[in-house]
Amino acid sequence: MPGARITGWGTAVPDKVVTNTDLSLRLDTSDEWITERTGIKERHIGGTTSELAIAAGRAALARAGVTPADIDVLVLATTTPDAVVPGTSATVQDGLGIAGGAMDLNAACSGFVYGLVTAHGLIMAGARRVLLIGSETLSRITDWDDRTLAVLVGDGAGAVVLEATDGPSQLLGWHLGADGSLRHLLRCEHGGHLWMNGKEIFRHAVRAVLESSLTALERAGFGPDDVDLFVPHQANARIITAAAARLGITEDRYVMTIDRYGNTSSASIPLALAHAAETDRLHLGDIVLLSGFGGGMTWASAVLRWDA
Ligand code: ACO
(Lines give C-alpha, C1' and ligand atoms only; values in the text may rest on other atoms or scores of the structure.)
Protein backbone atom coordinates (compact mmCIF):
# COMPACT_ATOMS: atom_id res chain seq x y z
CA MET A 1 0.00 0.00 0.00
CA PRO A 2 1.25 3.51 -0.76
CA GLY A 3 2.52 5.75 2.01
CA ALA A 4 1.86 9.46 2.33
CA ARG A 5 4.08 12.47 2.85
CA ILE A 6 3.49 16.18 3.37
CA THR A 7 4.75 18.08 0.34
CA GLY A 8 3.47 21.58 1.03
CA TRP A 9 2.01 23.77 3.72
CA GLY A 10 0.42 27.19 4.00
CA THR A 11 -1.23 29.47 6.53
CA ALA A 12 -3.62 32.40 6.67
CA VAL A 13 -4.58 34.74 9.48
CA PRO A 14 -6.81 37.83 9.39
CA ASP A 15 -5.02 41.20 9.15
CA LYS A 16 -6.60 42.58 12.31
CA VAL A 17 -4.44 42.06 15.40
CA VAL A 18 -6.02 42.41 18.86
CA THR A 19 -3.52 42.79 21.70
CA ASN A 20 -4.04 42.05 25.37
CA THR A 21 -3.97 45.78 26.00
CA ASP A 22 -6.79 46.26 23.46
CA LEU A 23 -8.88 43.71 25.39
CA SER A 24 -8.07 45.28 28.74
CA LEU A 25 -9.62 48.55 27.52
CA ARG A 26 -13.07 46.93 27.34
CA LEU A 27 -12.87 44.00 29.76
CA ASP A 28 -11.85 43.62 33.39
CA THR A 29 -8.54 41.99 32.52
CA SER A 30 -4.88 42.93 32.00
CA ASP A 31 -1.92 42.10 29.78
CA GLU A 32 -0.18 40.80 32.91
CA TRP A 33 -3.00 38.33 33.81
CA ILE A 34 -3.42 37.03 30.25
CA THR A 35 0.33 36.64 29.68
CA GLU A 36 0.96 34.92 32.99
CA ARG A 37 -2.09 32.59 32.94
CA THR A 38 -2.12 31.74 29.20
CA GLY A 39 1.05 32.89 27.41
CA ILE A 40 -1.05 34.83 24.88
CA LYS A 41 0.07 38.34 23.85
CA GLU A 42 -2.07 38.95 20.77
CA ARG A 43 -4.44 37.20 18.35
CA HIS A 44 -5.75 37.77 14.81
CA ILE A 45 -9.50 38.27 14.50
CA GLY A 46 -11.75 38.39 11.44
CA GLY A 47 -12.82 36.76 8.20
CA THR A 48 -14.82 33.60 7.74
CA THR A 49 -13.70 30.00 8.12
CA SER A 50 -13.99 29.40 4.36
CA GLU A 51 -12.06 32.57 3.43
CA LEU A 52 -9.18 31.66 5.74
CA ALA A 53 -9.24 28.04 4.57
CA ILE A 54 -9.10 29.05 0.91
CA ALA A 55 -6.14 31.35 1.52
CA ALA A 56 -4.21 28.72 3.51
CA GLY A 57 -5.13 25.98 1.03
CA ARG A 58 -3.97 28.06 -1.92
CA ALA A 59 -0.61 28.70 -0.22
CA ALA A 60 -0.15 24.98 0.54
CA LEU A 61 -0.95 23.98 -3.06
CA ALA A 62 1.54 26.55 -4.37
CA ARG A 63 4.30 25.33 -2.06
CA ALA A 64 3.65 21.71 -3.04
CA GLY A 65 3.68 22.72 -6.71
CA VAL A 66 0.31 21.10 -7.43
CA THR A 67 -2.92 22.49 -8.82
CA PRO A 68 -6.47 22.21 -7.39
CA ALA A 69 -7.21 19.77 -10.23
CA ASP A 70 -4.61 17.39 -8.75
CA ILE A 71 -6.45 17.05 -5.42
CA ASP A 72 -8.58 13.93 -4.95
CA VAL A 73 -10.04 14.83 -1.56
CA LEU A 74 -10.30 18.00 0.53
CA VAL A 75 -10.61 17.43 4.28
CA LEU A 76 -11.53 20.55 6.24
CA ALA A 77 -11.15 20.27 10.01
CA THR A 78 -13.26 22.93 11.69
CA THR A 79 -15.44 23.42 14.71
CA THR A 80 -16.64 26.82 13.47
CA PRO A 81 -18.26 26.11 10.08
CA ASP A 82 -19.71 29.04 8.13
CA ALA A 83 -23.14 27.36 8.27
CA VAL A 84 -24.70 24.10 9.43
CA VAL A 85 -25.47 23.26 5.79
CA PRO A 86 -23.66 23.27 3.42
CA GLY A 87 -20.41 21.95 4.80
CA THR A 88 -17.77 24.69 4.71
CA SER A 89 -15.59 22.33 2.69
CA ALA A 90 -18.05 22.79 -0.22
CA THR A 91 -17.36 26.55 -0.22
CA VAL A 92 -13.62 25.88 -0.03
CA GLN A 93 -13.78 23.28 -2.82
CA ASP A 94 -15.57 25.80 -5.05
CA GLY A 95 -13.29 28.69 -4.05
CA LEU A 96 -10.14 26.76 -4.86
CA GLY A 97 -11.58 24.86 -7.84
CA ILE A 98 -10.70 21.45 -6.41
CA ALA A 99 -11.56 18.57 -8.69
CA GLY A 100 -12.14 15.89 -6.05
CA GLY A 101 -14.44 15.33 -3.10
CA ALA A 102 -14.78 17.54 -0.05
CA MET A 103 -15.81 16.94 3.54
CA ASP A 104 -15.86 18.69 6.91
CA LEU A 105 -14.42 16.98 9.98
CA ASN A 106 -15.27 18.19 13.49
CA ALA A 107 -13.21 16.86 16.37
CA ALA A 108 -12.88 20.31 18.00
CA CYS A 109 -9.26 21.30 18.67
CA SER A 110 -8.07 17.74 17.87
CA GLY A 111 -9.49 18.10 14.35
CA PHE A 112 -6.23 18.62 12.47
CA VAL A 113 -4.58 15.47 13.84
CA TYR A 114 -7.79 13.47 13.30
CA GLY A 115 -7.71 14.85 9.74
CA LEU A 116 -4.05 13.94 9.29
CA VAL A 117 -4.72 10.31 10.20
CA THR A 118 -7.82 10.33 7.95
CA ALA A 119 -5.80 11.77 5.06
CA HIS A 120 -3.15 9.06 5.40
CA GLY A 121 -5.96 6.46 5.34
CA LEU A 122 -7.41 7.99 2.17
CA ILE A 123 -4.03 7.75 0.49
CA MET A 124 -3.61 4.14 1.59
CA ALA A 125 -7.06 3.53 0.03
CA GLY A 126 -5.90 4.92 -3.30
CA ALA A 127 -6.16 8.74 -3.26
CA ARG A 128 -3.05 10.34 -4.82
CA ARG A 129 -3.29 13.77 -3.19
CA VAL A 130 -5.25 15.11 -0.23
CA LEU A 131 -5.53 18.73 0.87
CA LEU A 132 -6.00 18.92 4.63
CA ILE A 133 -6.95 22.26 6.18
CA GLY A 134 -7.64 23.31 9.76
CA SER A 135 -9.55 26.58 9.75
CA GLU A 136 -11.37 28.39 12.53
CA THR A 137 -13.13 31.62 13.42
CA LEU A 138 -13.66 31.06 17.13
CA SER A 139 -14.22 34.81 17.45
CA ARG A 140 -17.65 34.29 15.85
CA ILE A 141 -18.88 32.03 18.68
CA THR A 142 -17.25 34.05 21.47
CA ASP A 143 -19.11 36.35 23.84
CA TRP A 144 -16.79 39.36 23.79
CA ASP A 145 -18.13 40.44 27.18
CA ASP A 146 -16.99 37.15 28.77
CA ARG A 147 -13.40 37.76 29.85
CA THR A 148 -12.76 34.08 30.56
CA LEU A 149 -13.17 33.13 26.87
CA ALA A 150 -12.51 36.39 25.03
CA VAL A 151 -8.85 36.51 26.05
CA LEU A 152 -8.18 32.98 24.78
CA VAL A 153 -9.46 32.74 21.22
CA GLY A 154 -8.05 33.67 17.83
CA ASP A 155 -8.88 33.08 14.15
CA GLY A 156 -6.69 31.47 11.50
CA ALA A 157 -6.05 28.54 9.19
CA GLY A 158 -3.26 26.14 8.31
CA ALA A 159 -3.12 23.62 5.48
CA VAL A 160 -0.96 20.76 4.24
CA VAL A 161 -0.87 18.82 0.98
CA LEU A 162 -0.32 15.08 1.38
CA GLU A 163 0.85 13.03 -1.58
CA ALA A 164 1.19 9.31 -2.15
CA THR A 165 4.76 8.04 -2.15
CA ASP A 166 6.30 4.76 -3.22
CA GLY A 167 8.64 5.03 -0.25
CA PRO A 168 7.72 4.36 3.37
CA SER A 169 4.87 6.31 4.93
CA GLN A 170 5.75 9.41 6.86
CA LEU A 171 3.15 8.49 9.52
CA LEU A 172 4.90 6.14 11.94
CA GLY A 173 2.33 5.95 14.71
CA TRP A 174 -0.92 7.54 15.82
CA HIS A 175 -3.51 7.54 18.54
CA LEU A 176 -7.05 8.94 18.50
CA GLY A 177 -9.16 9.15 21.65
CA ALA A 178 -12.46 10.48 22.90
CA ASP A 179 -14.48 10.56 26.12
CA GLY A 180 -17.94 11.94 25.45
CA SER A 181 -18.85 11.74 29.14
CA LEU A 182 -16.74 14.93 29.41
CA ARG A 183 -18.68 16.77 26.69
CA HIS A 184 -20.22 19.16 29.24
CA LEU A 185 -16.79 20.74 29.86
CA LEU A 186 -16.74 22.69 26.57
CA ARG A 187 -19.95 23.57 24.76
CA CYS A 188 -21.53 25.85 22.19
CA GLU A 189 -25.21 25.37 21.33
CA HIS A 190 -26.58 26.38 17.91
CA GLY A 191 -26.53 30.17 17.76
CA GLY A 192 -24.91 30.40 21.18
CA HIS A 193 -21.52 31.21 22.63
CA LEU A 194 -18.61 29.06 23.68
CA TRP A 195 -18.63 28.03 27.34
CA MET A 196 -16.04 25.98 29.17
CA ASN A 197 -14.87 24.75 32.53
CA GLY A 198 -11.29 25.91 32.11
CA LYS A 199 -9.86 24.28 35.23
CA GLU A 200 -11.29 20.83 34.44
CA ILE A 201 -10.20 21.01 30.79
CA PHE A 202 -6.72 22.01 31.91
CA ARG A 203 -6.49 18.97 34.17
CA HIS A 204 -7.75 16.51 31.54
CA ALA A 205 -5.72 18.15 28.75
CA VAL A 206 -2.31 17.59 30.34
CA ARG A 207 -3.14 13.94 31.01
CA ALA A 208 -4.64 13.41 27.53
CA VAL A 209 -1.63 14.90 25.73
CA LEU A 210 0.76 12.86 27.86
CA GLU A 211 -0.99 9.50 27.49
CA SER A 212 -1.92 9.94 23.83
CA SER A 213 1.60 11.08 22.90
CA LEU A 214 3.18 8.13 24.71
CA THR A 215 0.80 5.68 22.98
CA ALA A 216 1.48 7.10 19.51
CA LEU A 217 5.24 7.09 20.18
CA GLU A 218 5.14 3.51 21.47
CA ARG A 219 3.24 2.38 18.35
CA ALA A 220 5.97 4.04 16.28
CA GLY A 221 8.63 2.20 18.27
CA PHE A 222 9.93 5.39 19.89
CA GLY A 223 10.01 7.18 23.22
CA PRO A 224 9.93 10.90 24.10
CA ASP A 225 13.74 11.12 23.88
CA ASP A 226 13.55 10.31 20.17
CA VAL A 227 11.32 13.32 19.43
CA ASP A 228 13.15 16.07 17.52
CA LEU A 229 10.18 18.42 17.52
CA PHE A 230 6.95 18.39 19.55
CA VAL A 231 4.12 20.40 17.95
CA PRO A 232 1.28 20.55 20.49
CA HIS A 233 -2.15 22.18 20.29
CA GLN A 234 -1.80 25.77 21.44
CA ALA A 235 -4.52 26.33 24.07
CA ASN A 236 -2.46 27.55 27.01
CA ALA A 237 1.31 27.90 27.40
CA ARG A 238 1.05 26.31 30.84
CA ILE A 239 -0.60 23.18 29.39
CA ILE A 240 2.23 22.92 26.83
CA THR A 241 5.02 23.35 29.35
CA ALA A 242 3.38 20.94 31.82
CA ALA A 243 2.86 18.24 29.16
CA ALA A 244 6.36 18.74 27.71
CA ALA A 245 7.92 18.56 31.19
CA ARG A 246 6.14 15.27 31.95
CA LEU A 247 7.28 13.88 28.61
CA GLY A 248 10.82 15.10 29.34
CA ILE A 249 10.84 17.22 26.19
CA THR A 250 12.98 20.31 26.69
CA GLU A 251 12.07 23.81 25.48
CA ASP A 252 14.36 23.63 22.45
CA ARG A 253 12.31 20.64 21.21
CA TYR A 254 8.78 22.06 21.29
CA VAL A 255 6.95 24.77 19.37
CA MET A 256 5.11 27.61 21.09
CA THR A 257 3.16 30.06 18.91
CA ILE A 258 0.28 30.80 21.26
CA ASP A 259 1.75 34.23 22.07
CA ARG A 260 0.92 35.51 18.57
CA TYR A 261 -2.24 33.56 17.65
CA GLY A 262 -4.12 32.60 20.86
CA ASN A 263 -6.16 29.40 20.70
CA THR A 264 -7.14 28.79 17.07
CA SER A 265 -8.53 25.28 17.71
CA SER A 266 -7.93 22.98 14.74
CA ALA A 267 -5.77 25.62 13.03
CA SER A 268 -3.27 25.79 15.87
CA ILE A 269 -1.17 22.71 15.03
CA PRO A 270 -0.78 23.47 11.29
CA LEU A 271 0.01 27.10 12.14
CA ALA A 272 2.68 25.91 14.58
CA LEU A 273 4.01 23.31 12.12
CA ALA A 274 4.34 25.92 9.36
CA HIS A 275 6.05 28.31 11.77
CA ALA A 276 8.55 25.58 12.65
CA ALA A 277 9.21 24.82 8.97
CA GLU A 278 9.71 28.48 8.18
CA THR A 279 12.07 29.11 11.10
CA ASP A 280 14.34 26.20 10.18
CA ARG A 281 13.26 24.02 13.08
CA LEU A 282 12.29 21.05 10.88
CA HIS A 283 14.88 18.98 9.07
CA LEU A 284 14.71 16.00 6.76
CA GLY A 285 14.34 12.82 8.82
CA ASP A 286 13.26 14.57 12.03
CA ILE A 287 10.83 12.69 14.28
CA VAL A 288 7.89 15.04 14.82
CA LEU A 289 5.19 14.50 17.45
CA LEU A 290 1.86 16.29 16.95
CA SER A 291 -0.66 16.19 19.80
CA GLY A 292 -3.98 17.92 20.31
CA PHE A 293 -6.99 17.84 22.63
CA GLY A 294 -10.30 19.62 22.69
CA GLY A 295 -14.04 19.62 23.21
CA GLY A 296 -15.80 16.30 23.33
CA MET A 297 -13.38 15.67 24.88
CA THR A 298 -11.24 14.39 22.08
CA TRP A 299 -7.50 13.96 21.82
CA ALA A 300 -5.17 12.86 19.05
CA SER A 301 -1.45 12.32 18.46
CA ALA A 302 0.63 11.49 15.42
CA VAL A 303 4.31 10.67 14.97
CA LEU A 304 5.82 11.65 11.61
CA ARG A 305 9.22 11.29 10.03
CA TRP A 306 9.57 14.73 8.42
CA ASP A 307 10.06 14.18 4.72
CA ALA A 308 8.94 17.46 3.13
N1 ACO B 1 -8.63 38.40 33.35
C2 ACO B 1 -8.46 38.58 34.66
N3 ACO B 1 -8.90 37.72 35.59
C4 ACO B 1 -9.54 36.63 35.15
C5 ACO B 1 -9.76 36.38 33.79
C6 ACO B 1 -9.28 37.33 32.87
N7 ACO B 1 -9.43 37.18 31.55
N8 ACO B 1 -10.41 35.21 33.66
C9 ACO B 1 -10.60 34.75 34.91
N10 ACO B 1 -10.09 35.60 35.80
C11 ACO B 1 -10.05 35.49 37.25
C12 ACO B 1 -11.10 34.55 37.80
O13 ACO B 1 -12.33 35.20 37.98
C14 ACO B 1 -10.48 34.12 39.10
O15 ACO B 1 -10.70 35.11 40.05
P16 ACO B 1 -10.99 34.74 41.61
O17 ACO B 1 -9.74 34.02 42.06
O18 ACO B 1 -11.21 36.05 42.23
O19 ACO B 1 -12.19 33.85 41.57
C20 ACO B 1 -8.97 34.11 38.80
O21 ACO B 1 -8.80 34.92 37.64
C22 ACO B 1 -8.44 32.74 38.53
O23 ACO B 1 -9.31 32.11 37.57
P24 ACO B 1 -9.11 30.62 37.16
O25 ACO B 1 -10.24 30.22 36.28
O26 ACO B 1 -8.82 29.83 38.38
O27 ACO B 1 -7.77 30.75 36.30
P28 ACO B 1 -6.90 29.61 35.71
O29 ACO B 1 -5.54 29.75 36.22
O30 ACO B 1 -7.56 28.28 35.78
O31 ACO B 1 -6.83 30.03 34.18
C32 ACO B 1 -7.75 29.45 32.03
C33 ACO B 1 -8.02 30.07 33.40
C34 ACO B 1 -6.72 30.30 31.34
C35 ACO B 1 -9.05 29.44 31.27
C36 ACO B 1 -7.19 28.02 32.22
O37 ACO B 1 -8.01 27.31 33.12
C38 ACO B 1 -7.13 27.25 30.92
O39 ACO B 1 -6.40 27.60 30.01
N40 ACO B 1 -7.86 26.14 30.81
C41 ACO B 1 -7.85 25.30 29.63
C42 ACO B 1 -8.55 25.97 28.52
C43 ACO B 1 -8.52 25.07 27.31
O44 ACO B 1 -7.55 24.43 27.02
N45 ACO B 1 -9.60 25.01 26.58
C46 ACO B 1 -9.65 24.04 25.53
C47 ACO B 1 -10.10 24.51 24.36
S48 ACO B 1 -10.80 26.11 24.38
C49 ACO B 1 -11.44 26.26 22.89
O50 ACO B 1 -11.57 25.39 22.17
C51 ACO B 1 -11.82 27.61 22.55
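The values are calculated or read from the model by the stated rules, or taken from the named source; none is laboratory data. These numbers come from a predicted model, not from an experiment. Ideal geometry is used to build each Cβ from the backbone, glycine not excepted, and the neighbour counts take in all protein chains shown. Please note that ligands, DNA and RNA were not included when accessible areas were found on the heavy atoms of the full protein model with its side chains. Shrake-Rupley method; radii C 1.70, N 1.55, O 1.52, S 1.80 Å.
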Point to revise | Matching entry among L282, L290, L217 (being farther than 23 Å from E42 by Cα and assigned to a strand (DSSP E or B)) | key: L290
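The rows are residues; the columns are (1) over 21 Å from T35 (Cα atoms); (2) open to solvent by 10 Å² or more (accessible area, probe 1.4 Å).
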site	(1), (2)
A208	yes, no
G223	yes, yes
V231	no, no
E251	no, yes
V255	no, no
A274	yes, no
D280	yes, yes
Exercise for review: Could you list all residues from region 147-169 that are at pLDDT 95 or above and more than 9 Å from the ligand (Cβ to nearest atom)?
Suggested key: G154, D155, G156, A157, G158, A159, V160, V161, L162, E163, A164
Review point. What strands (runs of 3 or more DSSP E) completely inside region 1-107 contain at least 3 residues that are surrounded by 20 or more Cβ atoms within 10 Å (Cβ to Cβ) and under 16 Å from the mean Cα position of the chain (by Cα)?
Key: 3-12, 73-77
Practice item. Starting from residues that are touching a strand residue (DSSP E or B) at 6+ places or on another chain (Cβ under 9 Å) and in a helix (DSSP H, G or I), keep the ones in region 137-157 and report whichever is surrounded by the most Cβ atoms within 10 Å (Cβ to Cβ). Key: L138
Review point. For region 105-114, does any single residue satisfy the condition of being farther than 16 Å from R187 by Cα and among the β-branched types (V, I, T)?
Key: yes
**Study point:** V92, sole failed condition from (1) in contact (Cβ under 8 Å) with a residue 24 or more places away in the chain; (2) aliphatic (A, V, I, L, M); (3) more than 16 Å from L52 (Cα to Cα)
**Key:** (3)
Check your understanding: outside any loop (DSSP other than H, G, I, E, B) and among the aliphatic types (A, V, I, L, M): does that describe A243?
Key -> yes
**Study point:** Scan of region 170-199 for residues that are in contact (Cβ under 8 Å) with a residue 60 or more places away in the chain, within 16 Å of the ligand (Cβ to nearest atom) and open to solvent by 60 Å² or more (accessible area, probe 1.4 Å), ordered by number
**Key:** A178, R183, R187
Review point. Going through region 158-186 one residue at a time, which ones are among the hydroxyl-bearing types (S, T, Y) and assigned to a strand (DSSP E or B)?
Key: T165
